[in-house]
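What follows is calculated from the coordinates using simple rules that are stated; it is not laboratory data. These figures come from a predicted structure and were not determined experimentally. Cβ atoms come from the backbone with ideal geometry, glycine included; neighbour counts cover every protein chain shown.
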Amino acid sequence: MDVLDRIKEQVESNPVVLFMKGTPQMPQCGFSSRTSEALKSCGHEFAYVNVLSDPEIFENLPRYADWPTFPQLYINSELVGGCDITMELHEKGELQTMVSAAVGNKS
Amino acid sequence: MTIQADIEQKIQYALQPTFLEVANESHMHNVPPDSESHFKVTVVSAEFDGKILVARHRTLNALLKDELAGPVHALSLHTMTPAEWQEKNGEIRKSPPCLGGSKAS
């Protein structure tokens, strides 16, 4: 499968998916760590892709949504943003609402 | 010109910010001394009025496309309108510590 199709599949088959460096249990970058902690605090399970263990995704994710940096958070197939935007939404309480709505929609 | 100065100049020109700070945070990461790889940018501009965060970040990512495709590895963006900046009293979140995943050499 083409790498962009693989990314698309991840984005579209998961209500919440985080492309990050490392894993939520063992993040390899401070920005990825902070973003996954914010997501964890929302209290719902979320999917993640460790871009360090998939060089093809690492190389190509930036052109998927024309977003140059990691991590990247997608909710309901839409790019929410990276660490700074996620933290901003988290601090305003909006992240929780978005995640709950997305996860709730699926079940 | 340093990359830092280059980033400052591009943002200054395009967004006429009322406040702009470009901090080189490369020393916090696993890169050689005097690197210009990790930056934290705080921009306060009326140009952001009515724009959601993703749009503001996209504006900056586009503006700094060449830098991001080249030496700049991490770009932390804090984008506010003058009113939002006043509300925050100039308080900006500190960048997180490096956890080693940066592959810049």
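Worth a mention:
- Helices (runs of 4 or more DSSP H) enclosed by the range A:46-107 - at least 1 residues per element that are within 10 Å of chain B (Cβ to nearest Cβ) and over 15 Å from the mean Cα position of the chain (by Cα): A:83-91
- Test for B:Ser26: is it within 24 Å of A:Glu59 (Cα to Cα), over 12 Å from the mean Cα position of the chain (by Cα), more than 12 Å from every other protein chain (Cβ to nearest Cβ) and not hydrophobic (A, V, I, L, M, F, W, C): yes
- Condition met for A:Gly81 (of a type in the set (Gly, Ala, Ser), over 15 Å from A:Met98 (Cα atoms), surrounded by 18 or more Cβ atoms within 10 Å (Cβ to Cβ) and without any contact (Cβ under 8 Å) to a residue 60 or more places away in the chain): no
- Number of the condition not met by A:Ala47 [criteria: (1) free of Cβ contacts under 8 Å to residues at least 40 places away in the same chain; (2) out of contact with any strand residue (DSSP E or B) (no Cβ under 9 Å at 6 or more places or on another chain); (3) not acidic (Asp, Glu)]: (2)
- Within the option set B:Lys94, B:Lys51, B:Lys10, being out of contact with any strand residue (DSSP E or B) (no Cβ under 8 Å at 6 or more places or on another chain) and farther than 20 Å from A:Glu88 by Cβ holds for one residue only, B:Lys10.
- Screening the candidates B:Ala55, B:Ala62, B:Ala23, B:Ala74 for the property of being surrounded by 20 or more Cβ atoms within 10 Å (Cβ to Cβ) and within 25 Å of A:Ser32 (Cβ to Cβ) yields one hit, B:Ala74.
- A residue that is under 11 Å from the mean Cα position of the chain (by Cα) and within 11 Å of chain A (Cβ to nearest Cβ) can be found somewhere in the range B:78-98.
- Scanning the range A:24-45 for residues that are away from chain B (no Cβ under 14 Å) and basic (Lys, Arg) returns a single hit, A:Lys40.
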